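Q: Take a look at this one; I'll ask things after.
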Amino acid sequence: MSSSIKQPNVITCKAAVAWGAGEALVMQEVEVSPPHPQEIRIKVVTTSLCRSDLSALDSHAIFPRIFGHEASGIVESIGEGVTEFQEGDHVLTVFTGECKTFSSFSEYTVVHTGCAVKVSSAAPLEKICLLSCGLATGLGAAWNVADISKGSTVVIFGLGTVGLSVAQGAKIRGASQIIGVDTNPEKRDKAKDFGITEFINPNDCNEPIQQVIKRITDGGADYSFECIGDTGMITTALQSCCDGWGLTVTLGVPKVKPEVSAHYGLFLSGRTLKGSLFGGWKPKSDLPSLVDMYMNKEIKIDEFITHNLPFEEINKAFELMREGKCLRCVIHMPK
C-alpha cells in the first residue's frame, strides 16, 4: 500500500540568500528537502517584508541565511503522519516564539505543521500574508493584550504596520483619542486613515514628548504602545500613561540594547508594563477568523500595502523600508 503513495522529491528553486550583515541579498538556486514527518512543504505565493527581517539582516546573525516569515502559499506536499493539511490547501506561515524563524524568501519552504494555518481559498493570498505577523500583532495587542475599552485614550509610539494596526484596533474598539507619535512627517496623513486623531512629531516639540501627551490627554493616556523597537522609549511610554491604571504594551523588536530599565516609581504609581507575542492570538484558532473579518470588510489590509514587487527586486524592498518609504511591500513569487 505505502509503495503506491507518491514520495516527494528534493526541489531546486530560487531563494534570496543573505551572506553578510547589511549586504544585498543574492538570488541563487537552493535545494529544498521533502517534508519530514509532521512537516509540510509550501509553494510560497507572496511574502511581505517585515521590519524584523531588516533588523535581522543588519545584525550579526549567522550567515549565510534565508530570511522571511510573513508569507502565504499553497501546500505542495505533506510529510508522514500529517492529517491537518492536504496538497493544494491555502496557508499562512506563522512564527512561534520569535520572529525570523522562517525562510519565506524562497520559492518553496518546509515548516512544521504547527507553524502553518489553513485559510479560506477564497481569500487573496497577496493580501492576507500581512496577517501572518505584523498586522495581526497590532490588532491583537489592542484587543487581546490591552483590551482597549470604549472612550479610552491611546498613544502609539511608531506608526509602521504594527503601530497603525494598533490604531485600527483602537478605533474599532471605540477609543476616543488615538495619538500617534513618529519622527517621519510623511506618516501624518496616512495615519488618519487608520484612526489616529492627533499626530505628534517629537522633532517639532520644545518639551519632552511625555509632557506633551500628558497635557493633551489631561493627565496621561489609558494605554500606550511602544512599536519602535527602542527599549529607551519604554520609559517614555510608561511616563505617558496615567497614574493608577495606565498600561504600556511593548511590541517593537529592539535592534540594540535589549535590556529594559525604568524607575520603580512608575510602577508604584499603578502603571503596568506588558509584553506581547503575536498579539496574544492562538494562530490556528484565531487567524481564520481574522481572514473572515477582512473578507467581510471589518478590518483593513489593502491600505497597508504600499508596494508590490517581483521576487527578483527584493533588495529594492529592503531599500524602501530603510528609507521609510513603505509600510508593507509584498513580494510576488514567480507563478
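Since every read-out is calculated from the coordinates, none of them should be taken as a lab result. Every value quoted in this text rests on a predicted model; they were computed, and no experiment measured them. Positions of Cβ are generated from backbone atoms using ideal geometry, with glycine treated the same way; all protein chains shown enter the neighbour counts.
Q: From the gyration tensor of the Cα coordinates in the range 149-195, what semi-axes in whole Å does the equivalent ellipsoid have, largest first, with each one equal to sqrt(5λ)?
A: The answer is 18, 9, 9 Å, longest axis first.
Q: What are the aspartates and glutamates whose alpha-carbon lies under 12 Å from the alpha-carbon of Lys43, with same-chain residues fewer than 8 places away excluded?
A: Qualifying aspartates and glutamates at Cα under 12 Å: Glu76, Glu87, Asp89, Glu107.
Q: At a Cα cut-off below 27 Å, give the lysines reachable from Lys190, other chains included and same-chain residues fewer than 8 away excluded.
A: Lys127, Lys150, Lys171, Lys214, Lys255, Lys297, Lys300, Lys316, Lys325
Q: Let me ask another. Give the residues of the range 18-55 whose amide nitrogen is closer than 15 Å to a point set 7 Å from the Cα of Asn315 in the direction of its Cβ.
A: Correct set: 18-29.
Q: Can you list residues from other chains, or at least 5 along the same chain, whose modelled amide H is less than 5 Å from the amide H of Ala221?
A: Hits under the 5 Å cutoff: Cys241, Cys242.
Q: Counting only Cα, what are the radius of gyration and maximum Cα-Cα distance Dmax of the range 187-335, in Å?
A: When restricted to Cα atoms, the range 187-335 yields Rg and Dmax of 18.4, 57 Å.
Q: Helix-derived [θ] at 222 nm for the chain: sum -39500 (n - 2.57) over DSSP H runs of at least 4, divide by residue count, nearest 500?
A: For the chain, the value works out to -6500 deg cm²/dmol.
Q: In the range 1-151, if the dipole is taken from +1 on Lys/Arg beta carbons and -1 on Asp/Glu beta carbons about the Cα centre, which of Asn144, Leu92, Leu54 is farthest to the positive end?
A: Going by the Cα projections, it comes out as Asn144.
Q: Hey, got the dipole for the range 199-326? About the Cα centre, +1 on K and R Cβ, -1 on D and E Cβ, debye to the nearest 20? Write out the running numbers ahead of the final one.
A: On the way: 13 positive and 17 negative charges, 62 e Å.
In debye, rounded to 20, the range 199-326 gives about 300.
Q: log₁₀ I(q)/I(0) of the range 81-188 at q = 0.10, 0.15, 0.17, 0.21 Å⁻¹, via Debye over equal Cα point scatterers, no solvent, to two decimals?
A: At q = 0.10, 0.15, 0.17, 0.21 Å⁻¹ the computed log10 ratios are -0.39, -0.77, -0.90, -1.12.
Q: Just how large is the dipole of the range 1-158 about the Cα centre, in debye to the nearest 20, putting +1 at every Lys and Arg Cβ and -1 at every Asp and Glu Cβ? Provide the component values of the computation, followed by the final result.
A: Values: 10 positive and 16 negative charges, 57 e Å.
Using Cβ point charges on Lys, Arg, Asp and Glu, the range 1-158 gives about 280 debye.
Q: Right, something else. With θ taken as phi - 60° and the coefficients 6.51, -1.76 and 1.60, list the Karplus ³J(HN,Hα) couplings across the range 184-198 in order, rounded to whole Hz; mark glycine and proline as x.
A: Couplings: 8, x, 5, 7, 4, 5, 4, 4, 4, 5, 9, x, 5, 8, 9 Hz.
Q: Next question, about the same structure. Return the long-range amide H neighbours of Leu273 (sequence gap of 5 or more, or a different chain), with a cut-off of under 5 Å between placed amide H atoms.
A: Close amide H contacts, sequence-distant or interchain: Thr248.
Q: Which percent, to the nearest 5, of DSSP beta bridges fully inside the chain are antiparallel?
A: Working: 31 of 57 bridges.
So the antiparallel bridges amount to about 55 percent of the total.
Q: Given N residues in the range 1-146, what is Rg(Cα) / (2.2 N^0.38 Å)? List each step's numbers first, then the result.
A: On the way: Rg = 15.8 Å, N = 146, 2.2 N^0.38 = 14.6 Å.
Output field value: 1.08.
Q: Hey, another quick one. Relative to 2.2 N^0.38 Å, what does the C-alpha radius of gyration of the chain come to as a ratio? Two decimals please. The partial results should precede the final answer.
A: Numbers: Rg = 20.7 Å, N = 335, 2.2 N^0.38 = 20.0 Å.
Computed over Cα atoms of the chain, the ratio equals 1.03.
Q: Let me ask something additional. Hey, what does the equivalent ellipsoid look like for the range 260-335, semi-axes from the Cα gyration tensor as sqrt of 5 times each eigenvalue, largest first, whole Å?
A: Values: eigenvalues 230, 98, 28 Å².
Ellipsoid half-lengths, sorted descending, are 34, 22, 12 Å.
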